[in-house]
Amino acid sequence: MAMAAGGPNGGAKVVSLRLQYYCVFAAVGVAVIVLSLTFLSPSAMGAVRQNLGTVVAVTTNSSGGDGVARVVGGGEAVSAVAAAKPEPEKEKEKEKQKAGPPVVLFNFGDSNSDTGGVAAAGGIHIMPPEGRTYFRRPTGRLSDGRVIIDFICASLKTHELNPYLKAVGSDYSNGVNFAMAGSTVSHGVSPYSLNVQVDQFVYFKRRSLELIELGLKGPVNKEGFENALYMMDIGHNDVAGVMHTPSDQWDKKLRQIVGEIGDAMRILYDNGARKFWIHGTGALGCLPALVVQEKGGEHDAHGCLASHNRAAQAFNKKLSDLCDEVRLRLKDATVVYTDMFAIKYGFVANHTKYGIEWPLMVCCGNGGPPYNFMPGKYGCGDLCGPEEKVLSWDGVHFTDFGSGLAAKHAMSGEYSKPRVKLASLLNGSSKKPSSVS
């Protein structure tokens, strides 16, 4: 069923696995169509933009005791053991000082790094088997477990980033995840496009510092914002949209998309960002959903769609060049570009090296190998085992296994320009890290 009103869910939207992916794919499809209209009908784009929703952020504050010890009973003696017992708050403070400055991350992106934002924004209760392998429960991630940003957080010994719009149970002391499934770089195409996510960050920072100035507890202080790592993993939906426009306009459109990423980086820099970690797009032509749906297209030696991969590489080249320009212009900033195309295409081209039998197969799909994907049929009619080495979860997004592999390669610095390990950027200062050898 699609929705259950009342009952144990109290009116929350409960979406079956089959329907939830239909909705996500439909949203991406709409984004692709609107991107196409950007070229063909400016007036149509204006109509779409008039119907976009607004973002409402809910912030919560917590307060503790005053930490003052009081003696009751006048001249009563206090035992030596009680007197020697250290105050819990002081012990916590000592532990924090030993551990060094806290890790703070701010992530901007789409479904590849969404940790539950779109589910929180839409009030959608996504059903199993999503989240089955690691969290053992659905979390709003479009995966059977973790996404790349989760592995990055774990490597830095900090908890998972909470979505900006997740009002209940969030801890923003280590930063915020602004990524939302279906998001684009292009303005006005999706409700949570990159410029909106950056606006959300600016609001979050201003509000955090205001709370601290008022003597209240803010999630991140001034030092935290200054030393934070600002990550971007977005553009996949834009490139997919470009593929549905005339080929002679691809270069112009890709330049526009990358230009908007540059604008976002400038705004973040103006608001104190000094450490940027930018992901290029993956091998879009190797997504099982696209490979199966466009069997008539030109395929390369590994079964991937050549035209889609060429578009992804053209976008990445422009994005890498942008990072070079920003690095030269902003001398006090560290800008690292990571080639996710090389990483993810390598998993397909060298799949036996990673113990992968079917590199283009979907875990949650229908039909069995080699693709386990049937256009128009959603849900997990044929579900791979939790321990199987399968890259794609649903034909578009990675499994926990695939994300873990990608994160390990991305953090190594071997695919980055300059060759910098991600961990070296979080050293508690704004100084530029040295490159890996």
> Does any residue in the range 393-421 that is within 15 Å of residue 134 (Cβ to Cβ) come within less than 9 Å, Cβ to Cβ, of a residue that is open to solvent by 40 Å² or more (accessible area, probe 1.4 Å) and among the polar types (S, T, N, Q) six or more places away or on a different chain, and which pairs are these?
Replying inline: 407/155
> Residues of the range 154-171 being hydroxyl-bearing (Ser, Thr, Tyr) and open to solvent by less than 40 Å² (accessible area, probe 1.4 Å), which ones?
Replying inline: 158, 164, 170
> Are there any pairs with C-beta distances below 6 angstrom linking a residue in the range 302-317 that is closer than 11 Å to residue 280 by Cβ to a residue that is open to solvent by less than 10 Å² (accessible area, probe 1.4 Å) and of a type in the set (S, T, N, Q), with the two at least 6 apart or on different chains, and if so which?
Replying inline: 312/281; 315/281
> Condition test on residue 361, is it buried (at least 19 other Cβ atoms within 10 Å of the Cβ) and either over 16 Å from residue 283 (Cα atoms) or in contact with a His (Cβ under 9 Å, 6 or more places away or on another chain) (or both)?
Replying inline: no
> Applying the selection to the range 221-244, what residues are among the small types (Gly, Ala, Ser) and touching a Pro at 6+ places or on another chain (Cβ under 7 Å)?
Replying inline: 224
>> Just to be sure I understand, how many residues within the range 392-416 are among the hydrophobic types (A, V, I, L, M, F, W, C), more than 14 Å from the chain's Cα centre (by Cα) and open to solvent by 10 Å² or more (accessible area, probe 1.4 Å)?
In response: 4
>> Can you pull out every residue in the range 221-231 that is touching a strand residue (DSSP E or B) at 6+ places or on another chain (Cβ under 7 Å) and either acidic (Asp, Glu) or closer than 13 Å to residue 272 by Cβ (or both)?
In response: 228, 229, 230
> What tally of residues in the range 208-235 results from selecting those that are over 22 Å from residue 266 (Cβ atoms), open to solvent by 20 Å² or more (accessible area, probe 1.4 Å) and in contact (Cβ under 8 Å) with a residue 24 or more places away in the chain?
Replying inline: 4
> What number goes with the only condition from (1) closer than 24 Å to residue 259 by Cβ; (2) surrounded by 22 or more Cβ atoms within 10 Å (Cβ to Cβ); (3) not acidic (Asp, Glu) that residue 147 does not pass?
Replying inline: (1)
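State which residue is least open to solvent (accessible area, probe 1.4 Å) when the search covers only the range 191-207 and only residues that are of a type in the set (Val, Ile, Thr) and either closer than 15 Å to residue 272 by Cβ or in contact with a helix residue (DSSP H, G or I) (Cβ under 7 Å, 6 or more places away or on another chain) (or both).
The selected residue is 198.
The values are calculated or read from the model by the stated rules, or taken from the named source; none is laboratory data. Every value quoted in this text rests on a predicted model; they were computed, and no experiment measured them. Here Cβ is always computed from backbone atoms with ideal geometry, including for glycine, and neighbour counts include all displayed protein chains. Just the protein is used for accessible areas: all its heavy atoms, side chains included, with ligands, DNA and RNA removed. Shrake-Rupley method; radii C 1.70, N 1.55, O 1.52, S 1.80 Å.
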